[in-house]
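The values are calculated or read from the model by the stated rules, or taken from the named source; none is laboratory data. Just so you know, these numbers come straight off a predicted model, no measurement behind them. Note that each Cβ is placed from the backbone with ideal geometry, even for glycine, and that neighbours are counted across all protein chains shown.
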Amino acid sequence: MRLGIYGGTFNPVHMAHLLIAERVTDALSLERLLFIPCAVPPLKPDTDLVPGNHRYEMVKIAISGNPRFSVSDLEIRRAGKSYTIDTVTQIASEYQLRRDELFLIIGADNLPTLPKWKNTTAIHALCRFVLVRRPHHTLSSAMTTLLDDSVVVDVPLLEISSSEVRARVAACKSVRYMVPEGVLDYIQKQRLYL
């Protein structure tokens, strides 16, 4: 099995997340791509972080209808800081995957913090990194020897960010076409980000 791991706050999940997931899944012929909303990001304090159960539900809604996508609440259930090494170790063991079968998606915006991640070398030993370009971030300036065998997937750059979605919701502005319609309905019904 070829499995991709796509972690993040997904606060909320938006169309750029989904486009990245679709393009990576196609480019690497993944049988499955697993979205994993984190409990607490260790390096990115997010004061607007809504509870994990809401972020999990929004991802679940966003990916419904795509048989190659699924969502896991393993980091939310684990609680506390969500370290990638713990998640990759658990997924590799649970699915009995070799390094060449497990792929970790990383946006270019996260590359500068990679040296600060817990046990980056151990993560690299368990899976291959998939690097995705993000607006206003380049891959070349952040590449290290640790990422020599990573895969780069080109994805159209959509200028959408979760922080922009939250700000627009808080200002009572439309986020239609930035998030899936079901996610927009969920945000409105739960009164999130107000």
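Just to be sure before I move on: is Ser70 small (Gly, Ala, Ser) and in a strand (DSSP E or B) in the structure I sent? Criteria met by Ser70.
Suppose we keep only residues that are of a type in the set (Val, Ile, Thr) and within 10 Å of the chain's Cα centre (by Cα) within the range 1-38. Which one would you say is surrounded by the most Cβ atoms within 10 Å (Cβ to Cβ)?
Val13
Can you confirm whether the range 104-115 contains a residue that is of a type outside the set (Phe, Trp, Tyr) and at pLDDT 95 or above? Yes, there is a match, as at least one residue in the range 104-115 is of a type outside the set (Phe, Trp, Tyr) and at pLDDT 95 or above. Residues in the range 68-77: is at least one over 13 Å from the mean Cα position of the chain (by Cα), within 30 Å of Lys189 (Cβ to Cβ) and touching a residue at least 40 places away in the same chain (Cβ under 8 Å)? For the range 68-77, residues over 13 Å from the mean Cα position of the chain (by Cα), within 30 Å of Lys189 (Cβ to Cβ) and touching a residue at least 40 places away in the same chain (Cβ under 8 Å): present.
Can you tell me which residue in the range 164-184 is surrounded by the most Cβ atoms within 10 Å (Cβ to Cβ), limited to those that are free of Cβ contacts under 8 Å to residues at least 12 places away in the same chain and assigned to a helix (DSSP H, G or I)?
In this case the residue turns out to be Leu184.
Of all the numbered requirements in (1) in contact with a helix residue (DSSP H, G or I) (Cβ under 7 Å, 6 or more places away or on another chain); (2) at pLDDT 95 or above; (3) of a type in the set (A, V, I, L, M, F, W, C); (4) closer than 26 Å to Tyr186 by Cα, Ala39 misses one, and that requirement is (2).
Restricting Ile5, Ile85 to those that are under 22 Å from Leu97 (Cβ atoms), assigned to a helix (DSSP H, G or I), modelled with pLDDT of 95 or more and of a type outside the set (S, T, N, Q) reduces the list to Ile85.
Please go through the range 26-38 and pick out each residue that is part of a loop (DSSP other than H, G, I, E, B) and of a type outside the set (A, V, I, L, M).
Ser29, Glu31, Cys38
Within the range 39-58, the set of residues being exposed (fewer than 15 other Cβ atoms within 10 Å of the Cβ) and assigned to a helix (DSSP H, G or I) comprises Asn53 only.
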